Amino acid sequence: MDTEKRIAELSERLGYIRDIFGSRENANITLLTSKLHEFGEREPLASPQEAARLVQQLEDLFVFLEKKLDAELSAMDVVRIVRHPHRVSLKDILENVYDNYTEIGGQDEYSIDPGMLIARAYITRRRGDKVHHQPVMVIGQEKGHGQEFRNGGSVKPWGNAKALQYMKVAETEKIPIHTFVSTPGAFPVEDYPGAAQQIARNLYEMAGLKVPVVSVISEGGSGGAEAIGLSDARLMFSHGYYSVISPEGAAAIEAGTRQGQRVPPELITACAERLKMTARDNLSMGYVDRIIQEPHLGARPYHYDFFKTLRQEIIRATDQVFLSIAGMKFFRAMALGRHKDVSPADAENMYVRWTVDEAAAERLLWRRYRKYRCMAENAFVDSRSPTKRLYANVQGVVWSGYSFLRYDFLGKQEKRLSKALGEVEGELRVVVDKMSGSLRKMTRRSGPAVCDAEKSRMLTELSQPELGACLEDWGWSYISPRAREDRAVTCPNMKQSGCPDLWAPDLFGDFAGVCSHCGHHFPMEYQWYLHNVFDPDSLHEFNAEIEAGNPLDYPGFVDKLEEAKKKTGRKSSCLTYESRIDGKKIVVAVLIAPFRGGTVGAAEGEKFIRALARARKRHYPFLAYVHGTAGIRIQESLNGLIQMPRVTMAVRRYIEAGGLYLVLYDTNSYAGPVASFLGCSPYQFAIRSSNIGFAGPGVIKETTGIDIPPNYHNAYQALTRGHVQGIWDRREVRKNLKNALLTIGGRNLYYR
Amino acid sequence: MISKKHKVLVANRGEIAMRIVQACRRLGLDFACVYTREDHASGHAALARELGGESRLFRVSSYHDANEILSVADHAKATAIHPGYGFFAEDFRFARRVTERAHPLVFIGPSWRIIRSLGDKINTKRLARSLSIPTVPGSDRPVYDELEAEEIAETLFAFQAEQGVENSVVLVKASAGGGGMGIEEIHDIDQFKTVYRRVRNYAKRQFHDEGVLIEQRIFDFNHLEVQIVADRTGSGIMHFGTRNCSVQSTGRQKRIEVAPGFRPEEIHYAFDAKKVMDDIVSFSLAMAREVGYDNVGTWEWIVSPMGQPFLMEVNTRIQVENGVSAAISRIKGAGGVDIIAEQIRLALGDSLGYDQNDITFAGVGIEYRIIAEDPANRFTPWVGRIDRFTAPGREWLKFHSHIPQDAAYLIPTEYDPNLALAIVWGRDLAEAKARGISFLDDMVLAGEDQTGASLKSNVAFLRDKTAALLHF
Amino acid sequence: MIDVKSVLEEIKAAPYEEIEIKAPHTGVVTFEVKETGVRAVAPSGAYLEKPGTLLASITRERNVKPLHAMVSGEVATIHLEHSGAFVEAGTPLLVLRHYLTKDEVVAAILRRVLHLFCAPERAKYYFIPSVDIKVKAGGCRAVTVKPGMELFIVSRMKREKPLAYDGPEGIIYAVYFQHDDNVEAGQALIGVCPENQTGLIQDVVNRVHSDWEERN
């Protein structure tokens, strides 16, 4: 009886091993299989004691070989571990790691999103003979061991919204947050609040959460992971993965396959390797702070020792964050710090109060900002000479000093004075108006109309002759090269709107790529905007030397990068400028589609952050003009993905300092950047040619099985869903930007 | 002399297409025509078949599609395109495309830059003012500032009062508008602010431009025009006299044109009519010289009851009424002038071969536009079948029509229901009028619509208006 | 009352419609379908986003315009003599033999059953705005018409005038005109189903659905 049970367990373990290693042949697995099979043949013959001894032997063999196999795990095997229905899930953790918990807003499938689990829990600690219940907000994806309704932890936009709501609750309650990341990625639908927009909102809010956040990553799938992943301490399961994209997704892109086509499994395995997605990889790159060791071949619900380890690790990480921001901390911090690699068990016995006051919260936010600011700093190429770098640093300091004097110190005095003057003037005006009004009435009544000869000349003679006879400003400063082809072009709306074919020089020249019949916007080159939107000769590029690199040595990628650099003459997909619109100074960051689809990696993120810093120091408004972006550059994996929280934090810092942050989408803008530092802007506008969303139609079909309508992502849909704040005609971008600066630039914004 | 190897594609329909084909024949040039499904029975298609055979005629999906015109032109190996009037005649983009495409053709009309400059009314007004040519009093550029706008309006009222205008009216127009949209009038400066803001907001909504024009409204004016003809050099610029086009429909469409513009020899005017005609001719010539005008065109003027002329606009094309000027013109004493043929010849690079002194004028010409419409009912177009339509043969009459004389003809609903142009000539106004009346009486025009009701036309209206022609 | 059965038999005798595909404009034709008998499919996909079979293309001013099948059917005729040649607008290029679907058969029979309100003159017809909104929101069957009710705007030569409905009261069962297209005089504009005939129409639908085999 007992033997049977143990054998059943062993065959389940063998089944699990087979699952993990996929189709791969392995001598150890063969050995285990044959031994187990052998035992099954022999067992009826043996006495119970003999059987027990043999089972024991077999169990020992399993332990021994599992350890051996564990050392052989490839990245793809790890992916299979993480996806296995037996893997520990958040429910298991709540049961076994915390001392008590209440689930919030969900009971199995009865939940706004069963893929997102929220609980209030506590950890009980003893100090001497006193017992402390330390409350935490636990937030994480729940995969539910194969429960269909959990959707594999792929969280819908409203699930992420719920997560954000309870992060804010924790902030109010001043309790720390523990997040458990266990998602293959977010569910990419645009229904309100929208996958991308909600993740962006989460990131923006998390950047400013005034309570410590500790995250634990088991399955860190791209944007879905970032939705709850921005944290002060980042732990990762030893058998987890954390990546910008699934290996299958990366392989499909690499192979250039279309929807429904199969990608060779060897390529998928290779991509898993190349994406450097394992815990060890992420630790060495600095994207996680610590690895929590799992049992061999991954933690499953019956690994009770693992939960003990996890509990201690989480407590210690939380303690460390609190201590790092506390006023009095030396000894405890030293104790925790010095024994980093000894036993975290000590943590349980030490007591750290999990509370934050205002000052500590400030320190927490600054520490969080610095933590992310320092990430990925070596993942791009900076070809500036040391003197140039030094000069740039000095310049930054000078600007900050000047701005302080100009806006904070003198500015305040000036404002006070002008306010007083304004009031006086207002009073005077009333008096003057009254007097002159009655005077005018008197003059008008008396006598016939007399026409001033000087004035009547303006009715019959050329006004402002210095402008010349012809006032019309024909055409644009930059003309698309497509305007040089002698050919006709058919508007895609021809069938519905009856648009005539247009001549390319008219369409791409005079009409600025807009169908003169139906208003359809053909995509245009980013240069068109640079030269037709901003004041002539006002573009001054900076940080052009910061170059996209290949931090993961992704095979073949250097050549592709070189090709992109050669083709575009640019060193990254992000161009940053200081410019002017109608004389108003502005900092502009541009994401250009021709450079690897406008993807964002470490270089682009860095440039964006530096541009934001420049705008902050110089008190200029900031425009993110997104010509197009396909998302995060997958070949950089985490170096790219981390730009989502990283740049969002810089945006938040800029906005909180009083900056006006405008985003303008042009062609196709998808995925990571939209789900973070672009989507978090309160002022996002779209040119009629734009499509905005989280994932393109192919990815949506593949991940959700939903056939989306062809116009699913277009600007009007985005406006209807509340994702953008307005749609602009391309020919009026300059005018609209001018107007936005005038109307949105108010008292608390940099633009005055 | 021009090369006889030229082949002209006629990018138009109806009467003008026929006259272009005939002019090409006179010049010994080859031609090709286009027609649409609805126009299969039109006279221009028949004429093309008759003079050139099936290979000179191509069916297209639309006269409005430049791609159709150019694809046919290339296929037919045409070397030049005549746009006629309407359609592409004043479309500078079309003219530019014709001349700047990979396989360039001659555009029979002014160069595209001239069409562009003079196609813009504000530009035209400023150009005129820069040459001290009189224009309608008011602003000559879009005004964006409310205070400035109010000042102009205020001054306009004072100006009119000073000029002795009894009923002063000021127009506020959306500068980006056109075709009567976004125009309001004010009678008193107190109305200005409300109206100005309404027009400005309308313009902003409708045209995405807040610019507003403020102009005096001129009442009871006569509509005169000057026919200009120039060669490609831009220096040989002649005029072929003036026309008076004051008889119009309620929708401001011309119905009768008379050349010359006034007739002081027979009618007494309250002002010096000869001087007015001389002035508008010399103003028009001056402006044509300034821009280097290089084909035919018409300078349109309005003349106030006090005899003040104001330049309205320039039409950079051949006009419907070109024939009435031709009727009174003599080159080196010879009649039979054909301004369309002149246009083609000059556009193809030929030199004028005469100067202004060689051009003389004789008699009076009247052109009637015979249209199936109901003048009593706001000139509503009539649609139906024409059963009989014949004009009497007279040596003083030129009759242009695309309606077949030998078969019933269904008026296509896609296009204007113009039936014919009749040009009558007389030694003086009295004779021209008398001949006009006799022509209208002798012409036969009958038909019925689907309900069996008989044809409606403007013939009675034309006859009524004949008596007072050129009186002002 | 009409005999639905005999009408159905009549349609069954000639169960297809020959659709002539003409050159939409001038240009040089390239046939993508080279022989008769080829089956062409109609646009497909949940949103008809996948175009039908590419039958031919026509190149004008260096712009290649594809001609896709708008309905399914068999290519009955190809005017291969035009292959690679310049054609005028409206030149016949192919003939598709389209087998009627159930819905089309129902529509064909209904055209004989319903009260047809016809165009009094050749013009473009539009529903008046209030009706247009209803049609767009709820389909034409959401609209009940009464005699004398103002229903259309007739647009001809840039002039517009209203047109009142005349006939029995009922719901608009079918709309036969297309936006911005000219309708010849005497052509049906709408088919109206009087209240008491809804049973008959249901009968037609049922019968066609049980009797008609779709062949596409």
Has the range A:589-596 got at least one residue that is basic (Lys, Arg), free of Cβ contacts under 8 Å to residues at least 60 places away in the same chain and surrounded by 24 or more Cβ atoms within 10 Å (Cβ to Cβ)? yes
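On the basis of being free of Cβ contacts under 8 Å to residues at least 12 places away in the same chain, surrounded by fewer than 24 Cβ atoms within 10 Å (Cβ to Cβ) and under 21 Å from the mean Cα position of the chain (by Cα), does residue A:165 make the cut?
Values: free of Cβ contacts under 8 Å to residues at least 12 places away in the same chain: yes; surrounded by fewer than 24 Cβ atoms within 10 Å (Cβ to Cβ): yes; under 21 Å from the mean Cα position of the chain (by Cα): yes.
The answer is yes for residue A:165.
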Could you please let me know if residue A:206 is farther than 30 Å from residue A:359 by Cβ, surrounded by 24 or more Cβ atoms within 10 Å (Cβ to Cβ) and aliphatic (A, V, I, L, M)? no
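Return the residues of the range B:331-358 that are under 24 Å from residue B:421 (Cα atoms), surrounded by fewer than 16 Cβ atoms within 10 Å (Cβ to Cβ) and touching a helix residue (DSSP H, G or I) at 6+ places or on another chain (Cβ under 9 Å); say none if nothing qualifies.
First, pick out the residues of the range B:331-358 that are under 24 Å from residue B:421 (Cα atoms): B:331, B:334-345.
Next cut, surrounded by fewer than 16 Cβ atoms within 10 Å (Cβ to Cβ) only: B:334-336.
Across the range B:331-358, the qualifying residues are B:335, B:336.
So, in the range B:305-322, how many residues would count as being more than 23 Å from residue B:111 (Cα to Cα) and outside any loop (DSSP other than H, G, I, E, B)? I'd like the intermediate steps shown before the answer.
Taking the range B:305-322 as the starting set, the residues that turn out to be more than 23 Å from residue B:111 (Cα to Cα) are B:305-310.
Imposing the further condition that a residue be outside any loop (DSSP other than H, G, I, E, B) reduces the set to B:309-310.
Residues in the range B:305-322 being more than 23 Å from residue B:111 (Cα to Cα) and outside any loop (DSSP other than H, G, I, E, B): 2 in total.
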Of everything in the range A:656-691 that's of a type in the set (A, V, I, L, M) and touching a Leu at 6+ places or on another chain (Cβ under 9 Å), which residue is nearest to residue A:731 (Cα to Cα)? A:687
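Would it be correct to say that residue B:210 is surrounded by 23 or more Cβ atoms within 10 Å (Cβ to Cβ) and charged (D, E, K, R)? Can you show your working first?
Details: surrounded by 23 or more Cβ atoms within 10 Å (Cβ to Cβ): no; charged (D, E, K, R): yes.
Taking the combined requirement at face value, the residue does not satisfy it.
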Of all residues being touching a Ser or Thr at 6+ places or on another chain (Cβ under 7 Å) and of a type in the set (Lys, Arg) in the range A:131-177, which is nearest to residue A:231 (Cα to Cα)? Just the residue, please. A:174
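Among the candidates B:113, B:59, which residue alone is more than 9 Å from chain A (Cβ to nearest Cβ) and either touching an Asp or Glu at 6+ places or on another chain (Cβ under 7 Å) or touching a residue at least 60 places away in the same chain (Cβ under 8 Å) (or both)?
On the way: B:113 fails: either touching an Asp or Glu at 6+ places or on another chain (Cβ under 7 Å) or touching a residue at least 60 places away in the same chain (Cβ under 8 Å) (or both).
The conditions single out B:59.
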Only one of A:660, A:664 is surrounded by 24 or more Cβ atoms within 10 Å (Cβ to Cβ), away from every other protein chain (no Cβ under 14 Å), more than 22 Å from residue A:631 (Cα to Cα) and among the aliphatic types (A, V, I, L, M). Can you tell me which? A:660
Given (1) part of a loop (DSSP other than H, G, I, E, B); (2) over 30 Å from residue B:74 (Cβ atoms); (3) at pLDDT 85 or above, number of the condition residue A:532 does not satisfy: (1)
Checking B:89, B:153 in turn, the sole residue that is surrounded by 18 or more Cβ atoms within 10 Å (Cβ to Cβ), in a helix (DSSP H, G or I) and more than 9 Å from chain A (Cβ to nearest Cβ) turns out to be B:153
Which pairs turn up if I take residues in the range B:235-246 that are at pLDDT below 95 and look for partners that are part of a strand (DSSP E or B) with beta carbon separation below 7 Å, at least 6 apart in sequence or on another chain? B:236/B:230
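List the strands (runs of 3 or more DSSP E) inside the range C:103-165, counting only whole elements, that have at least 1 residues being at pLDDT below 85. Explain how you work it out, then say what you get.
On the way: elements: C:115-118, C:123-127, C:150-156, C:159-164.
Fully inside the range C:103-165 and qualifying: C:150-156, C:159-164.
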Quick check on my filter: what residues within the range A:1-60 are within 50 Å of the chain's Cα centre (by Cα) and among the small types (Gly, Ala, Ser)? A:8, A:11, A:15, A:22, A:23, A:27, A:34
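For residue A:653, indicate whether it is assigned by TED's automatic domain parsing to the domain that holds residue A:696, surrounded by fewer than 24 Cβ atoms within 10 Å (Cβ to Cβ) and part of a strand (DSSP E or B).
On the way: assigned by TED's automatic domain parsing to the domain that holds residue A:696: yes; surrounded by fewer than 24 Cβ atoms within 10 Å (Cβ to Cβ): yes; part of a strand (DSSP E or B): no.
It is false that residue A:653 is assigned by TED's automatic domain parsing to the domain that holds residue A:696, surrounded by fewer than 24 Cβ atoms within 10 Å (Cβ to Cβ) and part of a strand (DSSP E or B).
Mind listing whichever residues of the range A:712-723 are touching a strand residue (DSSP E or B) at 6+ places or on another chain (Cβ under 9 Å) and either in contact (Cβ under 8 Å) with a residue 24 or more places away in the chain or within 14 Å of another protein chain (Cβ to nearest Cβ) (or both)?
First pass over the range A:712-723, keeping only residues touching a strand residue (DSSP E or B) at 6+ places or on another chain (Cβ under 9 Å): A:712-719, A:723.
Passing the criteria: A:712, A:713, A:714, A:715, A:717, A:718, A:719, A:723.
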From the set of residues in the range C:145-165 that are surrounded by fewer than 17 Cβ atoms within 10 Å (Cβ to Cβ) and within 27 Å of residue B:417 (Cβ to Cβ), which is nearest to the other protein chains (Cβ to nearest Cβ)? C:159
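Let's see how each residue does on (1) away from chain C (no Cβ under 14 Å); (2) within 39 Å of the chain's Cα centre (by Cα):
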| residue | (1), (2) |
| --- | --- |
| A:463 | yes, no |
| A:477 | yes, yes |
| A:481 | yes, yes |
| A:489 | no, yes |
| A:509 | yes, yes |
| A:519 | yes, yes |
Taking residue B:47 and the conditions (1) crowded, with 19+ Cβ neighbours inside 10 Å; (2) within 12 Å of chain C (Cβ to nearest Cβ); (3) closer than 24 Å to residue B:412 by Cβ, which numbered condition does it fall short on, given that it satisfies the others? (2)
From the residues in the range C:40-49 that are surrounded by 15 or more Cβ atoms within 10 Å (Cβ to Cβ) and of a type in the set (A, V, I, L, M, F, W, C), which one is nearest to the other protein chains (Cβ to nearest Cβ)? C:42
Filter the range B:1-46 for residues that are in contact with a Leu (Cβ under 7 Å, 6 or more places away or on another chain) and assigned to a helix (DSSP H, G or I); which is nearest to residue B:389 (Cα to Cα)? B:15
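Would you mind listing the strands (runs of 3 or more DSSP E) fully within the range C:50-102 where at least 3 residues are surrounded by 20 or more Cβ atoms within 10 Å (Cβ to Cβ)?
Filter on the range C:50-102 gives C:54-60, C:73-78, C:92-99.
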Just checking, which of A:295, A:301 is farther than 25 Å from residue A:556 by Cα, of a type outside the set (Phe, Trp, Tyr) and without any contact (Cβ under 8 Å) to a residue 12 or more places away in the chain? A:295
Tally up the residues in the range C:61-102 that are within 23 Å of residue A:502 (Cα to Cα) and either touching a Pro at 6+ places or on another chain (Cβ under 8 Å) or away from every other protein chain (no Cβ under 14 Å) (or both), please. 5
All conditions in (1) within 23 Å of the chain's Cα centre (by Cα); (2) touching a residue at least 12 places away in the same chain (Cβ under 8 Å); (3) assigned to a helix (DSSP H, G or I) are true of residue B:123 except (2)
Only one of (1) within 14 Å of chain B (Cβ to nearest Cβ); (2) crowded, with 16+ Cβ neighbours inside 10 Å; (3) of a type in the set (D, E, K, R) does not apply to residue C:184, and that is (2)
Among the residues of the range B:15-37, is there at least one that is farther than 20 Å from residue A:504 by Cβ, under 22 Å from the mean Cα position of the chain (by Cα) and among the hydroxyl-bearing types (Ser, Thr, Tyr)? no
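The values are calculated or read from the model by the stated rules, or taken from the named source; none is laboratory data. Treat the numbers as computed from the prediction; the structure is a model and nothing was measured. Glycine gets a Cβ as well: all are built from the backbone with ideal geometry, and neighbour counts include every protein chain shown.
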